[in-house]
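Asks: Next up is a structure, given as structure tokens.
The values are calculated or read from the model by the stated rules, or taken from the named source; none is laboratory data. None of these values were measured; they are calculated from a predicted model. A quick note on method: Cβ atoms are made from the backbone with ideal geometry, for glycine too, and the neighbour counts reach across all protein chains shown.
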Amino acid sequence: MANRRVLIKRRDAVRNIHKITRTMQMIANVRFQAAFKRAVASKPYTEKLAKLVDDLARAAKGIDHPLMRQPEEGGVSVLMVITSTRGLCGGYNHNVLRTAGEHLKSLEAGGERVELQMVGKKGVAYLKFAGWPMDREITDIGETPRFDEIEPLANEMMERFTRGEIRSVDVVYMKFVSTGKQIPVVERLLPLTGLESENAEVAPAVAEVQYEFSPDPHELLNELLPATVRIALFQAFSDAVVSEQVSRMVAMTAATEAAEDIIKRLTQQYNRARQTAITMELLDIVGGANALS
Amino acid sequence: MASSETFHCSVVTPERAVLECESTFVVLPAWDGEIGILRGRAPLLCKLGIGRLRIETADEEHILFLDGGFAEMLDNRLTILTEDARRPDELDRQAAASDLEEARALTVTDDASLEARQKALQRARTQLRLAD
């Protein structure tokens, strides 16, 4: 019967999709593990750097650095949004873009000029479709962001910041908390904040080490702070990649399960249709035989 | 295997932990010249320049190319933070040679560009020397 053929066709189609989503899920899983490993590998550097800044800030008796000063007047606020290059990762890009949109509105409501820098093809495509102007599109950073790709971006921001062209830099990305939790966050890259408040609390607990400094603590700090900014931006990019792969894994697992459900239902429908057809045929035969006798 | 002769040494970059070992002697490329480090050195925090890092362990020697960074020696643990650390076999001789040409071609107009040129030259030259 026509109905049965249609059911078989549809089931085959769903089976194909099932195969694809399952493969994508496995690929995302592998990529997630690789990205996670990379993100973890940068931990020792970040932690050590933070500790050094802490020690130095104490030795230098407070910090005053161009990167920490809030400019008085003028300059634009840079908003950098990190989205993915590929789709099929559930609500990942949507969540990032929504958070970015809210932050953008609040910045503009505060009367600031905003320079929008969009990272990732998906975000660029979305804004183009929405007819929203972007000041910069960055689509050449792949799924394994390397430090030497991020470094120039951070350096450029710091240079423009010290020149007074920009008054703040915010990065919107998906922060990786755990495999079950990723949250879109707005992080302030520049001006640097939160360095002094932290070490004020730790100071009494840790015994002071008499370091031999070369060059003096102030100059060391001048070098360390830009490094902190660079690593913060790098971390944002690595986190974004990890979160993206998790989102894709989750989305593809859900799709695979949904496909399995549909296959089951279609098989049931097909069997039922087949049984109905057989019964009908039997009834026909029995009816015919009865009519003859 | 920590003996009375060795101290812990680790080299980390933002991307990975490059090296983790018990060393007997280390030569750091500090910003103002080389610094040699033995076990029991007083706490040190210093800025690094571009240059060669030499780490001696009980039975081998590691050489790394470093591009700036920081070194901290504390309680017989030496930590080297750098944004770029490569073994000589990871260096690209040709790329370094062309970098050297580019650096030579840079024009100097003020102090900042002079410093940039010197740094680029030093970076390329050190890489070339280590790649051989």
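Asks: Give me a count of the residues in segment A:178-227 that are of a type in the set (Ser, Thr, Tyr) and modelled with pLDDT of 85 or more.
Replies: Keep residues of segment A:178-227 that are of a type in the set (Ser, Thr, Tyr), which gives A:178-179, A:193, A:197, A:211, A:214.
This time we only want the ones that are modelled with pLDDT of 85 or more, so: A:178-179.
Adding up the residues that qualify gives 2.
Asks: Taking only pairs six or more apart or across chains, which ones have beta-carbon atoms under 6 Å, a first residue in segment A:150-165 that is touching a residue at least 12 places away in the same chain (Cβ under 8 Å), and a second residue that is among the charged types (D, E, K, R) and part of a helix (DSSP H, G or I)?
Replies: What qualifies is A:GLU151/A:ARG230; A:ALA154/A:ARG230.
Asks: If you go through segment B:49-72 one residue at a time, do you hit one that is of a type in the set (S, T, N, Q) and over 24 Å from B:ARG129 (Cα atoms)? Walk me through how you get there before you give the answer.
Replies: In the first step, residues of segment B:49-72 are kept if they are of a type in the set (S, T, N, Q); the result is B:57.
Then drop every residue that is not over 24 Å from B:ARG129 (Cα atoms), which leaves none.
Looking through segment B:49-72, none of the residues is of a type in the set (S, T, N, Q) and over 24 Å from B:ARG129 (Cα atoms).
Asks: Could you run through segment A:71-81 and say how many residues are loosely packed, with under 15 Cβ neighbours inside 10 Å and either under 28 Å from the mean Cα position of the chain (by Cα) or free of Cβ contacts under 8 Å to residues at least 60 places away in the same chain (or both)?
Replies: First, the residues of segment A:71-81 that are loosely packed, with under 15 Cβ neighbours inside 10 Å: A:72-74.
Still in the list and also either under 28 Å from the mean Cα position of the chain (by Cα) or free of Cβ contacts under 8 Å to residues at least 60 places away in the same chain (or both): A:72-73.
Total satisfying the criteria: 2.
Asks: Yes or no: A:ASP64 within 14 Å of chain B (Cβ to nearest Cβ), more than 19 Å from B:ARG16 (Cα to Cα) and either surrounded by fewer than 15 Cβ atoms within 10 Å (Cβ to Cβ) or not aromatic (Phe, Trp, Tyr) (or both)?
Replies: Working: within 14 Å of chain B (Cβ to nearest Cβ): no; more than 19 Å from B:ARG16 (Cα to Cα): yes; either surrounded by fewer than 15 Cβ atoms within 10 Å (Cβ to Cβ) or not aromatic (Phe, Trp, Tyr) (or both): yes.
Judged against the criteria, A:ASP64 is not a match.
Asks: Under 6 Å by Cβ, and 6 or more places apart or on different chains, what pairs join a residue from segment B:74-89 that is within 12 Å of another protein chain (Cβ to nearest Cβ) with one that is surrounded by fewer than 19 Cβ atoms within 10 Å (Cβ to Cβ) and outside any loop (DSSP other than H, G, I, E, B)?
Replies: Listed pairs, sorted by first residue: B:ARG77/B:HIS8; B:THR79/A:LYS48; B:THR79/B:SER10; B:LEU81/A:LYS48.
Asks: Which members of segment A:120-162 meet the condition of being assigned to a loop (DSSP other than H, G, I, E, B) and either surrounded by 16 or more Cβ atoms within 10 Å (Cβ to Cβ) or of a type in the set (D, E, K, R) (or both)?
Replies: The answer is A:GLY120, A:ASP135, A:ASP140, A:ILE141, A:GLU143, A:PRO145, A:ARG146.
Asks: Of the residues B:ARG41, B:ARG52, only one is of a type outside the set (A, V, I, L, M) and under 10 Å from the mean Cα position of the chain (by Cα); which? Can you show your working first?
Replies: Working: B:ARG41 fails: under 10 Å from the mean Cα position of the chain (by Cα).
Every option except B:ARG52 fails the conditions.
Asks: Give me the pairs, please: first residue somewhere in segment A:31-58 and more than 10 Å from every other protein chain (Cβ to nearest Cβ), second residue anywhere and among the charged types (D, E, K, R) and not in a helix (DSSP H, G or I), beta-carbon distance under 8 Å, and either six or more positions apart or on two chains.
Replies: Filtered contacts from segment A:31-58: A:ARG31/A:GLU143; A:ALA35/A:GLU143; A:ARG58/A:GLU208.
Asks: Counting just the residues of segment A:214-262 that are more than 23 Å from the chain's Cα centre (by Cα) and more than 14 Å from every other protein chain (Cβ to nearest Cβ), which one comes out surrounded by the fewest Cβ atoms within 10 Å (Cβ to Cβ)? Break it down into steps so the answer makes sense when it comes.
Replies: Start the filter on segment A:214-262 by keeping residues that are more than 23 Å from the chain's Cα centre (by Cα), which leaves A:214-226, A:257-262.
Pick out the ones that are also more than 14 Å from every other protein chain (Cβ to nearest Cβ) and you get A:257-262.
Details: A:GLU257: 14, A:ALA258: 14, A:ALA259: 19, A:GLU260: 15, A:ASP261: 11, A:ILE262: 17.
My answer is A:ASP261.
Asks: With the checklist (1) in contact with a His (Cβ under 7 Å, 6 or more places away or on another chain); (2) more than 14 Å from every other protein chain (Cβ to nearest Cβ) in hand, flag the one item B:LEU19 doesn't pass.
Replies: Result: B:LEU19 passes all but (2).
Asks: Follow-up. Quick test for you: out of A:ALA255, A:ALA259, A:ALA251, pick the one residue that is assigned to a helix (DSSP H, G or I), touching a residue at least 40 places away in the same chain (Cβ under 8 Å) and under 30 Å from A:GLU149 (Cβ atoms).
Replies: Values: A:ALA255 fails: under 30 Å from A:GLU149 (Cβ atoms); A:ALA259 fails: under 30 Å from A:GLU149 (Cβ atoms).
A:ALA251 is the lone residue from the list that is assigned to a helix (DSSP H, G or I), touching a residue at least 40 places away in the same chain (Cβ under 8 Å) and under 30 Å from A:GLU149 (Cβ atoms).
Asks: So which residues in segment A:29-80 are in a helix (DSSP H, G or I), out of contact with any helix residue (DSSP H, G or I) (no Cβ under 8 Å at 6 or more places or on another chain) and not aliphatic (A, V, I, L, M)?
Replies: Looking only at segment A:29-80, we keep the residues that are in a helix (DSSP H, G or I), and these are A:29-41, A:43-59, A:66-68.
Narrowing the set further to residues that are out of contact with any helix residue (DSSP H, G or I) (no Cβ under 8 Å at 6 or more places or on another chain) leaves A:30, A:33-34, A:37, A:40-41, A:43-44, A:47-48, A:51, A:55.
Scanning segment A:29-80 gives A:GLN33, A:LYS37, A:LYS43, A:PRO44, A:GLU47, A:LYS48, A:LYS51, A:ASP55.
Asks: When only residues in segment A:1-30 that are surrounded by 17 or more Cβ atoms within 10 Å (Cβ to Cβ) and polar (S, T, N, Q) count, which is nearest to the other protein chains (Cβ to nearest Cβ)?
Replies: A:GLN25
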